[in-house]
Structures are given as C-alpha cells and as structure tokens.
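Heads up: the structure comes next, in structure tokens.
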Amino acid sequence: MALAVRMGIRIRAPREFVFQHLLTPHHLARWFCNFAQFDMKGPAVGSKFRFGGDYAIAATDPPGWPCEILGGEVLKAVSFKWPLFGAETRVDWRADETAEGSTLRVVHTNLPREESTCGRFQDAWRVCLGNLKAVAEARDDSLRPDSSPIQDRRVRLNVLIDAPPSKVFSALVERPMLAQWTEDLNPAVEPRAAGVYRVRRLTEPTARIVKLESGKGLGLECPDGAPARRLDFSLEEKGGNRTGLYLEADAVHQDAGLRLRCAWSDLLVGLKNALETGETGFTEPYAEQVGRD
C-alpha cells in the first residue's frame with residue numbers, strides 16, 4: 001500500500017497572505033524549493049509547472065519535476081500531480097482562516113516509499129512547513145531539506161534563533177521545554193555530568209551528558225551501535241539578543257546519515273519556532289502524520 005503524509009501548521013498571518021506563498025516562485029524559494037517555473041499565463045487547472053533544486057523535498061536538477069495543477073479554490077486551496085519515483089503522487093495544499101491567522105494543511109498521497117532523497121518525506125515536509133511559518137510571520141527562515149552526501153560521517157547544522165543563549169540552553173536541558181519543541185511527551189534529562197539524556201528522534205537510544213556549560217553548550221555521548229556516537233550543541237551570542245546554535249554529530253552511520261540530518265533539521269526548525277512564537281505550530285502529533293492509503 002502507498003504512503004500518505006498529512007499534516008497542518010498554524011501560521012499567524014492572514015489566509016490570503018499565506019496562500020500567496022504557495023504559487024509564487026520567489027516565495028516558494030524561501031520555504032519549498034530552489035526554483036519554480038509556471039506557465040506564462042499563471043497557475044490554472046490543467047497548466048504545467050516545474051520545480052526542483054537541491055533543497056527541494058525530493059532533489060532534482062533543472063528543469064525540475066514536471067507537475068500539473070489538478071484543481072483548487074481561489075486564494076484557498078490548490079492540488080497538483082507530482083510524478084515521483086515511478087508513482088503519480090498528489091499534493092493538496094489548503095489554507096483556512098483561524099482566530100489567530102490561518103492553518104495550512106498538506107496532504108501528499110500515493111507515495112511509493114518512506115524515504116526521499118534527503119531523509120523521510122515526513123521530516124522534509126515538516127522542515128518546509130516550519131520555514132513557511134517563519135517566513136509568513138515575517139521571521140527568518142532557516143534549515144532546508146538537504147540531499148547532499150554525508151561527508152566523513154559527520155553532520156553539521158546551524159540555525160539563528162531570535163532568543164538569548166540562556167533561553168536556548170534551557171530549551172536543551174529542561175524537560176518541559178524539551179517536550180514542547182521535540183514533541184516527545186516524556187523526555188529524560190538529568191542536567192549534570194554523566195546524566196541521562198533521551199529524547200525521541202534526537203538521541204536514540206539513551207545518551208550521556210559529557211559536556212554541560214550553561215548558556216554555551218551541551219555535549220552528548222551515545223552508546224555503541226547508536227546512529228551517531230557524539231552530538232555537540234554549541235551556542236554563540238549574536239547581536240540583537242539572538243543566538244547561533246551549531247549542532248555537530250560525529251561517527252554518524254553512513255546508511256542513516258541522510259535520515260538523521262533531516263530529522264535533526266526538523267527538530268531545530270521546531271526549536272526556533274517554539275522559542276520565537278511559543279509553539280512548533282503543528283496541528284497533530286508526529287506519530288499521526290503518516291499513514292497508508
């Protein structure tokens with residue numbers, strides 16, 4: 001049976017404004033893909049368009065993936081056909097008004113497999129929607145899906161967060177804040193040397209704290225057989241009360257590298273949104289966002 005990804009995200013911006021980010025190339029370039037090209041007459045039912053690039057959900061070189069618009073509602077919804085890995089997948093985007101702005105829902109059906117070129121389709125969509133939330137709310141975008149090869153069994157990620165280092169550090173070591181941005185309702189953390197650190201999708205199995213510097217960084221060591229042997233979070237104070245967060249993972253298993261990088265990218269985008277707005281914004285739990293048709 002084919003897979004389907006279904007998720008929504010809350011955005012503090014008007015529905016019409018959010019919808020403008022769905023079919024305009026320069027807006028799409030900030031959250032969805034490197035490039036997009038539509039029919040000269042503009043998007044319409046039956047018209048063709050292409051998109052792609054190395055930070056699209058599924059990477060491809062120019063001229064990009066050949067897609068066709070299947071239907072929609074003015075300034076509210078659009079559906080398109082996306083031939084992908086030998087299957088005719090379908091994507092539905094729908095923006096609805098809410099009391100605080102809008103909610104954008106994504107449904108991607110008939111997926112032939114769980115993995116894209118950059119990691120899980122689910123994680124890649126979450127990275128993109130997290131960026132759309134930030135962009136539409138007039139904040140900075142950050143990490144993107146990345147299909148480039150893992151070099152030297154090492155993953156490096158960085159994100160700029162509009163919050164002071166002390167607050168970012170607290171989000172790494174305090175259970176209530178960890179639960180908010182990782183969506184793990186029962187994280188285990190003992191903020192001390194050799195303390196336990198276990199967060200779903202971040203450290204599995206349980207890691208141990210080997211470095212703990214308040215406001216500066218956190219180092220974790222994972223047991224033999226873990227997807228990555230060592231994770232280091234470094235914090236750097238930036239101007240305007242902002243923080244640069246740098247994640248470096250060493251001894252990453254090559255066969256799991258892309259999946260881990262995409263999952264960690266999703267988590268860091270969620271951390272940024274949670275610290276800047278108080279929520280990751282997703283409307284359903286992680287475990288309920290993928291199913292089989």
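The values are calculated or read from the model by the stated rules, or taken from the named source; none is laboratory data. As the structure is a computational prediction, the values presented were derived from the model and not from experiment. FYI the Cβ positions are ideal-geometry reconstructions off the backbone, even for glycines, and counts take in every protein chain you see. Ligands, DNA and RNA are stripped out before the accessible areas are found, and what is left, the full protein with its side chains, is counted by its heavy atoms. Shrake-Rupley method; radii C 1.70, N 1.55, O 1.52, S 1.80 Å.
Under the condition of being open to solvent by less than 80 Å² (accessible area, probe 1.4 Å) and at pLDDT below 95, the residues counted in the stretch 236-248 number 2. The set of residues in the stretch 249-282 being touching a residue at least 60 places away in the same chain (Cβ under 8 Å), in a loop (DSSP other than H, G, I, E, B) and either surrounded by fewer than 22 Cβ atoms within 10 Å (Cβ to Cβ) or of a type in the set (D, E, K, R) (or both) consists of A251, H253, E279. Of all residues in the stretch 58-94, those satisfying the criterion of being under 22 Å from the mean Cα position of the chain (by Cα) and of a type in the set (K, R) are R90, R94. Considered as a group, the residues in the stretch 2-19 that are within 23 Å of T109 (Cα to Cα) and not in a strand (DSSP E or B) include one that is nearest to the chain's Cα centre (by Cα), and that residue is V18. Do we have any residue at all in the stretch 192-201 that's open to solvent by less than 50 Å² (accessible area, probe 1.4 Å) and touching a residue at least 24 places away in the same chain (Cβ under 8 Å)? The answer is yes, given that some residue of the stretch 192-201 is open to solvent by less than 50 Å² (accessible area, probe 1.4 Å) and touching a residue at least 24 places away in the same chain (Cβ under 8 Å).
Grab the strands (runs of 3 or more DSSP E) fully contained in the stretch 34-118, keeping just those with 3 or more residues being over 20 Å from F282 (Cα atoms) and open to solvent by 50 Å² or more (accessible area, probe 1.4 Å).
Numbers: elements: 35-38, 48-53, 60-73, 77-84, 87-98, 101-111.
Counting at least 3 such residues, we get 60-73.
In the stretch 216-248, the residue that is nearest to I150 (Cα to Cα) out of those that are aliphatic (A, V, I, L, M) and touching a helix residue (DSSP H, G or I) at 6+ places or on another chain (Cβ under 7 Å) is A228. Only one of the numbered conditions (1) touching a Ser or Thr at 6+ places or on another chain (Cβ under 8 Å); (2) open to solvent by 40 Å² or more (accessible area, probe 1.4 Å); (3) modelled with pLDDT of 95 or more is violated by E288, and that is (1). Does C222 qualify as being farther than 19 Å from D141 by Cβ and open to solvent by less than 10 Å² (accessible area, probe 1.4 Å)? Taking the combined requirement at face value, the residue satisfies it. Of the residues making up the stretch 191-233, those that are of a type in the set (G, A, S) and under 18 Å from V155 (Cα atoms) are A207, G217, G219, G225, A226, A228. Within the stretch 89-118, residues that are farther than 21 Å from C262 by Cα and among the hydroxyl-bearing types (S, T, Y) reach partners that are open to solvent by less than 60 Å² (accessible area, probe 1.4 Å) and not in a strand (DSSP E or B) with beta carbons closer than 8 Å, at six or more positions or on different chains, in the pairs S102/A13; S102/R15; S102/V18; T103/T283. Flag set for H27, criterion: open to solvent by 20 Å² or more (accessible area, probe 1.4 Å) and either of a type in the set (F, W, Y) or closer than 28 Å to V290 by Cβ (or both).
For the stretch 75-82, the criterion of being at positive phi and in contact (Cβ under 8 Å) with a residue 60 or more places away in the chain is satisfied by at least one residue.
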